[in-house]
Amino acid sequence: MLTGISVAIMGGDARQLEVIQKFIELDATVTLFGFDNLGRQFSGVSNAKLDPMLLQTVDVLILPVVGTDDSGQVESIFSSEEMRLTDDLMSSLPKHAKVYTGMAKSFLKKLCAANGIEVVELFERDDIAIYNSIPTAEGALMMAIQNTDITIHGSVSMVLGFGRTGFTMAKTLQGLGATVKVGVRKPEHFARAWEMGFQPFYTKDLYPEVGNIDLLFNTIPTMIVTAQVITNIPHRALIIDLASKPGGTDFRFAEKRGIKAMLAPGLPGIVAPKTAGRIMANTLSQLIEEDFKDRSDVE
């Protein structure tokens, strides 16, 4: 239970609704910022405008999946008003408070560090990333089906990266009957991909490997599907880039060459917000219970 813990939830998307509900059930004191246009009503929570005074008693500040942009702006699909985290707001938080987000850009990290506030990035955790890889893979398949005139079964599909998302993506494609080529950098990943029945290759050899593919799913967040690589990709192929913005594909050159390439970060929140929200809510509640269980002033 989170009785006595003051939680402020600022902005976000449909995933945050599951987080709000979870914290209500655990008896936390919940204040919402940036939910003024929310049609759904939650009992036992306070809706407020962002004010330094209201942050002075907050133990936990929960931000959206991408905490802020590079100027401190916090996005919310449930509000038409702009919200921006400033030094004035952050300095109002008690020193024991913690900020939780999916991933923190440098602005948020510097702001928290300057005020002695710990920031916790959920997407750095293996469990969150693995759980989220499931709706990511399903969303990527949905996009592939909607944007091609072939079946996944029998296709030659390529996955770049064999991390948490790449692993699930490759296994899902294989389960649907695709021939799956997996681009890796590490010998141990090569061995594991081979053992699982994929066709592994090293990413340094990407250019010749793309010559016969129908689908390419990239999970590597650095420029890897370069203009040179794209010159050898068949015109029929579809590129779906799952890496965080700006992705790892030269989208300008792909368009110039007539190859459809789509950037698709954040799929869990788009295709399965309830599931993705529950993943976040469960992990957040467990972390906060552990982080604050020894506080003598929280009963």
Please specify each residue of region 244-299 satisfying the condition of being closer than 20 Å to Val30 by Cα, open to solvent by less than 40 Å² (accessible area, probe 1.4 Å) and at pLDDT 90 or above. Gly277, Ile279, Met280, Ala281, Thr283, Leu284, Ser285, Leu287, Ile288
Among the residues of region 170-185, which ones are free of Cβ contacts under 8 Å to residues at least 24 places away in the same chain and surrounded by fewer than 18 Cβ atoms within 10 Å (Cβ to Cβ)? Gly175, Arg185
Return yes or no: is Asp241 touching a Phe, Trp or Tyr at 6+ places or on another chain (Cβ under 9 Å), crowded, with 20+ Cβ neighbours inside 10 Å and within 20 Å of Ala144 (Cβ to Cβ)? yes
When you go through (1) farther than 21 Å from Gly266 by Cα; (2) open to solvent by 40 Å² or more (accessible area, probe 1.4 Å); (3) of a type in the set (Val, Ile, Thr) one by one for Val60, which number turns out not to apply? (2)
Checking Lys110 against (1) touching a strand residue (DSSP E or B) at 6+ places or on another chain (Cβ under 9 Å); (2) of a type in the set (Lys, Arg); (3) over 23 Å from Glu289 (Cβ atoms), which single condition isn't satisfied? (1)
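Let's see how each residue does on (1) small (Gly, Ala, Ser); (2) open to solvent by less than 20 Å² (accessible area, probe 1.4 Å); (3) out of contact with any strand residue (DSSP E or B) (no Cβ under 7 Å at 6 or more places or on another chain); (4) assigned to a helix (DSSP H, G or I):
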{"residue": "Gly116", "(1), (2), (3), (4)": "yes, no, yes, no"}
{"residue": "Ala140", "(1), (2), (3), (4)": "yes, yes, no, yes"}
{"residue": "Ala144", "(1), (2), (3), (4)": "yes, yes, no, yes"}
{"residue": "Val159", "(1), (2), (3), (4)": "no, yes, no, no"}
{"residue": "Thr165", "(1), (2), (3), (4)": "no, no, yes, yes"}
{"residue": "Phe190", "(1), (2), (3), (4)": "no, no, no, yes"}
{"residue": "Trp194", "(1), (2), (3), (4)": "no, no, no, yes"}
{"residue": "Phe201", "(1), (2), (3), (4)": "no, yes, no, no"}
When Thr151 is evaluated against the numbered criteria (1) of a type in the set (Ser, Thr, Tyr); (2) surrounded by 15 or more Cβ atoms within 10 Å (Cβ to Cβ); (3) modelled with pLDDT of 95 or more; (4) closer than 21 Å to Gly197 by Cα, which criterion, by number, is the only one it fails? (2)
Regarding region 288-296, can at least one residue be identified that is touching a residue at least 24 places away in the same chain (Cβ under 8 Å), outside any helix (DSSP H, G or I) and either over 20 Å from Leu173 (Cα atoms) or of a type in the set (Gly, Ala, Ser) (or both)? yes
Given region 1-108, what strands (runs of 3 or more DSSP E) lie entirely inside it while holding 3 or more residues that are among the hydrophobic types (A, V, I, L, M, F, W, C) and under 26 Å from Ile128 (Cα atoms)? 6-10, 29-33, 60-62
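The values are calculated or read from the model by the stated rules, or taken from the named source; none is laboratory data. Owing to the predicted nature of the structure, the values given are computational and were not obtained by experimental measurement. Neighbour counts are summed over all protein chains in view; Cβ atoms, including those assigned to glycine, are modelled from backbone coordinates with ideal geometry. Note: accessible area is taken over every heavy atom of the protein model, side chains too, but ligands, DNA and RNA are not part of it. Shrake-Rupley method; radii C 1.70, N 1.55, O 1.52, S 1.80 Å.
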